[in-house]
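Heads up: the structure comes next, in C-alpha cells.
The values are calculated or read from the model by the stated rules, or taken from the named source; none is laboratory data. If you're wondering where the values come from, they're calculated on a predicted model, not measured in any experiment. Glycine gets a Cβ as well: all are built from the backbone with ideal geometry, and neighbour counts include every protein chain shown. All accessible areas refer to the heavy atoms of the entire protein, side chains included, with ligands and DNA or RNA removed. Shrake-Rupley method; radii C 1.70, N 1.55, O 1.52, S 1.80 Å.
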Amino acid sequence: LWIKGHNFFASFIRAARPEHLSPTVRQRSKRMILDSIGVGLVGSTTRVFDIALRYCRLYSSVAVSSVYGKPGVKLSPTLAAFTNGVATHSMDFDDTWHPATHPSGAILPALLAASQMLPPNTKPNGLDFLLAFNVGLEVQGRLMHFSTEAHDIPKRFHPPSVVGTLGSAAATAKLLSLSSAQCCHALGIAASLAKPLHVGNATRLGLEAALLAGRGMEANPLILDDIPGCSGFSAFYSVYQPKPLSAPGEHHEFLLEKQDIAFKRFPAHLGMHWVVDAALSVRNLFINYAGSFSPSLIRTIMLKIPVSKYINRPFPSSEHQARHSFQFNACAALLDGEVGLGSFSESSIHRQELRELLDKVVVEHPEDNVANFDKMYGEVALLLHSGDVLTGKCDTFYGHWRKPLSKESLLKKFRSNASHVLPEEKIEAIITLVDNLENLSDSSQLACSL
C-alpha cells in the first residue's frame, strides 16, 4: 500500500487551528521559543555568525527582517532566516527532540522573518504564530517517527538539514495561509532542495519553499511518499514507512504533547550532557575521598558510552571538535567542576592539565548502552593508583525531557545568553512577549524586539 504522505501533510497544515493546541503544547512551545531566541542571541557573538552576516548583507536588497543581537540591522526575509538559524546552532546550544533533531532553530527564524515581511493589515497574531510553530514541529516529528532508524543518534547526516527544511516550509506555509495545494508544493520544493549552516539553510530553504509555492511553483507530489522508483525522503532513511496524518480534529494530540523537548545547559552535543553529569557525580565522590581534586591520584578514567563515531574524539583540537567529544567534556567537568561557554575557548581546550587528563581516558561501549537519546547513559569511573575505583553514572541529565529544566533554570539560561548582546530591559521585554505570545495582535512585535 502506497501512503500519500505528501497530501496528508498538506491537508494537516491547512486544517490546523489554534484551538487544537492544548495548554501543555502552548506552554512547552513557548519554552522552546524563548530558549531558541536566547541561544540565537548568544550565538550572534560567534565567528561563524559574523561571517554569515557579512555575506548576507551583500545580497539583501529588500531589508525588512531583524537579525539576532544586531539592533538596527535588517536583511531580506530569507537571508535573515538563514543568518539567525546559523546563530541558533553556532554553539550547538539549541534544543533537541526525540527522535533526534534540533527542531526550534529550523522553524523560529523563518517565522520571525516572515512575520515582518507581511503588510501591516495582514500581520499574523501571536496565536497564529504559535500555531505555525507547532505545525512545523509536528511535521518534523512525524517524519522522524516514520523511520525506526531516526530514533538513534544519526550516523549518516545531520537531521535538521532534511527534516528541518520541511518543518520550516510547513510552518511558514501555515503562517502565510497557503492553500492545501500550495502547502503540498511547498513541502515538495523543500524536499527537493534538500553543522551550524545546516540549521541556517533549513530555516531559509523552508521559508523560500513556502514563498515559491505561494507564487505558483509546483513540485513532485510524491516526494514524501514511499513509492518504488521515487527517490524522495526515503533516500535519507533506509527504513521509512509513512503513515496517514489526518486533519486535526477536536481531540488531535500534537507530538509535543507526548514528547517533551531537551534543553541544553551548556553549548555541546546533547550526548555530552550524560557524561558531564556522570563526571560531576564522580568528582564529588573523589573530593570526599581525597579532600580535593588531585589528578595525580588517578591512573585511568574509564568512560562507558554508546558507539557514535562523530562524538568519540580522544584529543579534540578545535572548538567544534571539543563540543563533540565525550572525552573532552568528561575531563573538563572533572577538572573544573562545571562545563559552560568558556569551556570551549582555545585557551581552555589546550590547557596542559586537561591534556594530561585526556591521556588517561579509556573508552568502553557496553552493549546495553545504545546510541539513542531516550535510552543511553553515561558512566565515568576513576581507577586510582591506590587500587580503589570511584564511579559516577547518569541515566537522565537535568534538562532531558524526563527531567525538564524548571522555569527558573530556563529563565536563568535565557537571561545569561541574551545578556551578551542585549540590555536588561530588552531581555525582560522579550520574556514578557513570549509569555503572552498567544495574546499578541501582531506577532512581528517579537522579531522587532530582537
Next item on the list: Quick one: divide the alpha-carbon radius of gyration of region 1-90 by 2.2 N^0.38 Å and tell me what you get.
Entry: 1.42
Next item on the list: Give me the distance in nm between label points sitting 7 Å out from Cα along the Cα-to-Cβ direction at residue 289 and residue 315, one decimal.
Entry: 2.6 nm
Item checked: Cα principal axis extents for the chain, largest first, Å -> 72, 54, 40
Next item on the list: Could you give the size of the charge dipole of the chain about its Cα centre, using +1 on the Cβ of each K and R and -1 on the Cβ of each D and E, expressed in debye and rounded to the nearest 20?
Entry: 620 debye
Check: Quick one: ranking 243, 309 by accessible area, 1.4 Å probe, largest first, what do you get?
Finding: 309, 243
Next item on the list: Show 421, 139 ordered by accessible area, largest first, where the area counts protein heavy atoms only and the probe is 1.4 Å.
Entry: 421, 139
Check: Put +1 on the Cβ of every Lys and Arg and -1 on every Asp and Glu Cβ in the chain; which of 45, 274, 10 then has its Cα farthest towards the positive end of the dipole?
Finding: 45
Item checked: Cβ-derived FRET efficiency at R0 30 Å, residue 341 paired with residue 388, nearest 0.05 -> 0.30
Checklist line | Probe 1.4 Å, protein heavy atoms only - accessible area per residue of region 399-450 in square angstrom | finding: 49 Å²
Notebook entry, point to check: Any idea what the dipole of region 241-398 comes to, in debye rounded to 20, about its Cα centre with Lys/Arg Cβ at +1 and Asp/Glu Cβ at -1?
Noted result: 340 debye
Notebook entry, point to check: Taking +1 at the Cβ of each Lys and Arg and -1 at the Cβ of each Asp and Glu, which of 24, 134, 210 sits farthest along the dipole of the chain towards its positive end, judged by Cα position relative to the Cα centre?
Noted result: 210
Notebook entry, point to check: Just by accessible area at a 1.4 angstrom probe, what is the order of 117, 272 from largest to smallest?
Noted result: 117, 272
Item checked: Probe 1.4 Å - accessible area at residue 19, Å² to nearest ten -> 140 Å²
Note to self: Once the convex hull of the alpha carbons of region 65-130 is built, what does its volume come to per residue, in cubic angstrom?
What the structure shows: 97 Å³
Next item on the list: Along Cα→Cβ, 7 Å out, is where each label goes; now give me the distance between the ones at residue 406 and residue 253 in nm to one decimal.
Entry: 2.9 nm
Margin query: With viscosity set to 0.692 mPa s at 37 °C, what whole-number translational diffusion coefficient in µm²/s follows for region 300-450 from Stokes-Einstein and a Kirkwood radius over Cα pairs?
Written below: 180 µm²/s
Notebook entry, point to check: In debye to the nearest 20, how big a dipole does region 336-450 give about its Cα centre with +1 on each Lys and Arg Cβ and -1 on each Asp and Glu Cβ?
Noted result: 140 debye
Item checked: Percent carbon-and-sulfur accessible area, the chain, ignoring ligands, DNA and RNA, probe 1.4 Å -> 52 percent
Checklist line | Inter-label distance, nm, simple model (7 Å from Cα along the C-beta direction), residue 442/residue 364 | finding: 6.2 nm
Check: Highest mean first, what order results for 351-357, 442-448 on Cβ atoms within 10 Å?
Finding: 442-448, 351-357
Notebook entry, point to check: When the Cα atoms of region 75-173 are enclosed in a convex hull and the volume is divided per residue, what value in Å³ results?
Noted result: 91 Å³
Next item on the list: With a 1.4 Å probe and every protein chain left in place, tell me how much accessible area residue 54 has, in Å² to the nearest 10.
Entry: 140 Å²
